[in-house]
Amino acid sequence: MKLPIIFIGEAPARDAFGPEAFNAPSGVMLAQLCGLSLADLLARCMTINVLGENPGKSLIGEGDAWPAALARAEWPKRLAEISSLVEREVGRGVATWPLSKSALCGTPSTTHQEALRLVFCGRRASAAARLPVVPWAVLSPWGAIAGRWVDAAVIPHPSGLNRAYNDRALREQVSGFLKNLLTIAAGGEKLTEP
């Protein structure tokens, strides 16, 4: 069984190592931030992309294109996939997803092992889900699924093109946040090296 953490990416990478989300260089960086190997990250956590196919290279600048309207249109399909994924990988039936855009309020269930954590990797992925702009690496309540709390967080996209991680303090903040999240999800068992 996997931990109740889902890393949500933008789209499959052009240089992916395999079919799973984050099975690419961005996954290697994400795994490093978590203090895990890529194989261990993919074995312990669930991953999914907002878009099912890579949209191609950006016509301006580096990186991939981002069809924002398509991403927002695809998001309901990803919610259905997430529900099935959680049911299969974590257990407990997931019948509904009563989330609203205004659900970001209150206190997250940061100490609750049973909560489902969605970690949006990049603002483009979180914008597809219409998540308001929130500070990096802060867990916020987002709703409930069949009695299971859902908390969400946004981290900078773990791409070599993203210069946000050049800021050592931000990199350490995100890494500490992810390691703590993994520890809580594992029932207090440290999964990473100190």
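A 1.4 Å probe run over the protein chains yields, for segment 1-58, 41 Å² of accessible area per residue, whole-number rounding. In terms of packing, defined here as the mean over residues of other Cβ atoms within 10 angstrom, the peptides 71-78, 19-26 line up highest first as 19-26, 71-78.
The values are calculated or read from the model by the stated rules, or taken from the named source; none is laboratory data. The model shown is predicted, which means the values in this text are computed figures rather than measured ones. Backbone-built Cβ (ideal geometry, glycine too); neighbour counts: all protein chains shown. Side chains included, ligands, DNA and RNA excluded: accessible areas come from the protein's heavy atoms. Shrake-Rupley method; radii C 1.70, N 1.55, O 1.52, S 1.80 Å.
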